[in-house]
Amino acid sequence: MKLLIATDGSEFSERAIQKACELAGTAANWSLKIVSVCEPQTPAAAEPFALSGEYYAKLAEFAREKAEHSAEEAVRQIKAIGTNAFADITSEVELGRPSQVIIDKANEWNADLIVVGSHGRGFWGRLTLGSVSDAVVRHAQCSVLVVK
């Protein structure tokens, strides 16, 4: 079975990793892909003051480093749990809109299940900011487990 876990390093992502390990249990031959996404840093259209290109480059570098750290921590957490269910563990860091990257990676890899953490923003947060987990649930071609 192919299991994709999306992580951003949050407490909810850690819970998603724990739940994925519980699901796998002691079964054998599960493949696991960890995906961590960093969003592109673009200047606001109506900035009241000009910021240099270096500033945005540093922001992008910081976002990528954070995503890489999240993916590495997810692998460490899975190994610390000690489940032997995962015959193959890979991780990827991608640039883009998180919900779309998660869906695209799951489709490319032909995942059987996507596991994501809930961020708990509630109704107003989903209304104004959007929700990665909501978007993944609505548009993924495979099953999705949202862990609170």
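Results, tabulated for the structure shown:
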item	result
Sole exception among (1) touching a residue at least 40 places away in the same chain (Cβ under 8 Å); (2) surrounded by 14 or more Cβ atoms within 10 Å (Cβ to Cβ); (3) within 21 Å of VAL137 (Cα to Cα) for ASN110, by number	(2)
Subset of segment 48-102 that is closer than 21 Å to TRP30 by Cα and free of Cβ contacts under 8 Å to residues at least 40 places away in the same chain - its residue that is farthest from the chain's Cα centre (by Cα)	GLY82
Long-range neighbours under 8 Å by Cβ, at least six apart or interchain, first residue under 14 Å from ARG97 (Cα atoms) and in a loop (DSSP other than H, G, I, E, B) within segment 127-142, second of a type in the set (Val, Ile, Thr) and at pLDDT 95 or above	none
Failed item in (1) surrounded by 11 or more Cβ atoms within 10 Å (Cβ to Cβ); (2) at pLDDT below 85; (3) of a type in the set (Asp, Glu), with GLU72 passing the rest	(2)
Selection from segment 75-91 of residues that are modelled with pLDDT of 90 or more and surrounded by fewer than 16 Cβ atoms within 10 Å (Cβ to Cβ)	ARG76, THR90
Residues of segment 82-119 satisfying the condition of being of a type in the set (Lys, Arg) and in a loop (DSSP other than H, G, I, E, B)	ARG97
In segment 23-54, residue modelled with the highest pLDDT [restricted to those that are loosely packed, with under 12 Cβ neighbours inside 10 Å and outside any loop (DSSP other than H, G, I, E, B)]	GLU54
Condition check for HIS119: modelled with pLDDT of 95 or more and either of a type outside the set (Asp, Glu) or in contact with a Pro (Cβ under 6 Å, 6 or more places away or on another chain) (or both)	no
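The values are calculated or read from the model by the stated rules, or taken from the named source; none is laboratory data. Keep in mind that what you see is a predicted model, and the values were worked out from it rather than measured. Here the Cβ is made from the backbone with ideal geometry for all residues, glycine too, and neighbour counts use every protein chain on show.
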